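Have a look at the structure below, then the notes.
The values are calculated or read from the model by the stated rules, or taken from the named source; none is laboratory data. Keep in mind the model is a prediction, meaning the values are calculated, not measured. When we count neighbours, we look across all protein chains shown, and the Cβ atoms used for this are built from the backbone with ideal geometry, even at glycine. All accessible areas refer to the heavy atoms of the entire protein, side chains included, with ligands and DNA or RNA removed. Shrake-Rupley method; radii C 1.70, N 1.55, O 1.52, S 1.80 Å.
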Amino acid sequence: MKFFIDTANLDQIREAQEMGVLDGVTTNPSLMAKEGITGHENIINHYKAICEIVDGDVSAEVIATDYEGMVKEGEVLAKLNPQIVVKLPMIKDGVKACKYFSNKGIKTNMTLVFSAGQALLAAKAGATYMSPFIGRLDDISTDGLGLISEIRLIYDNYGFETQILAASVRHTMHIMDCAKIGADVMTGPLSAIDGLLKHPLTDIGLAKFLVDFKK
Ligand code: E4P
């Protein structure tokens, strides 16, 4: 299972990278704005900075919502670094753009996926990654993890190679549940990854070992 961090915050990306468990980064326009990164040039420079910190794939989202615009933007993004994955919205022109990029061997991530039908289309278009937003589904009392299971079954039925990237992960249990279901990747905040570490018996056991060592 790959671990991506879902942020544009360079300190958090660095911290996850230094732990040695990071496989990539996902960003989106909201996460960029949260860090105060605005304007084409600043955004491009920020993607370059992220790529310098991590070894793995970095999703960079297009802003255009028409096919030509997405292709134009995506080509600029893909040229920045081989680590860049062109992130496209799950709309008809996004599917067309996904097919265009997959034909050219450029990595893609279909984002804002909320149904198994959308996931099937993303796979048919040859997406590298496809991102169902489980937290946002949970927010509206819909079973986000159930959607991951449904997509896993469909992809396995046909051997689709598109990777299920569980997105909108909000907490540690989401990561564990996605791992049990067999999501290929999860993207979440650093706090959710850090949560995997925590167990009171680890802390109690370590404190006792240190006390006993001093005896
Ligand atoms: C995925 O790539 C998105 O950036 C992200 O996971 C959205 O999560 P949110 O619902 O917490 O905004």
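Listing for the model above:
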item	result
Partners for residue 92 among aspartates and glutamates (Cα-Cα distance below 14 Å; same-chain residues under 8 apart left out)	66, 68
Kirkwood Rh in Å, taken over the stretch 114-212 so that all alpha-carbon pairs contribute	14.7 Å
Karplus (6.51, -1.76, 1.60) ³J(HN,Hα), θ = phi - 60°, over the stretch 102-115, in Hz, Gly and Pro reported as x	5, 4, 8, x, 9, 5, 9, 9, 7, 10, 6, 8, 10, 8
Semi-axis lengths (Å, descending) of the ellipsoid that matches the C-alpha gyration tensor of the stretch 38-111	20, 14, 9
Violating pairs (Cα-Cα greater than 30 angstrom) within the set 2/208; 2/48; 96/180	2/208; 96/180
Charge dipole of the stretch 174-215 about the Cα centre (unit charges at C-beta), most positive-ward option of 182, 209, 192	209
Rg in Å to one decimal, and Dmax rounded to a whole Å, for the chain via C-alpha atoms	18.5, 71
Percentage relative contact order, the stretch 10-121, counting C-alpha pairs under 8 Å, at least six apart	21 percent
Value at 222 nm in deg cm²/dmol, rounded to 500, when DSSP H runs of n ≥ 4 in the chain each add -39,500 (n - 2.57)	-16500 deg cm²/dmol
Residues whose placed amide H lies under 5 Å from that of residue 26, excluding near-sequence neighbours	5, 6, 7, 59
For the stretch 75-198, accessible area per residue (1.4 Å probe, heavy atoms of protein chains only), Å²	44 Å²
Size of electric dipole in the stretch 1-61: Cβ of Lys, Arg +1 and of Asp, Glu -1, about Cα centre, debye, nearest 20	100 debye
Crossing angle, helix 10-19 versus the chain [Cα axis fit, 0-90 degrees, rounded to tens]	60 degrees
Portion, in percent, of the accessible area of the stretch 56-104 that falls on carbon or sulfur, probe 1.4 Å	56 percent
Relative compactness, the stretch 67-141, computed as alpha-carbon Rg over 2.2 N^0.38 Å	1.10
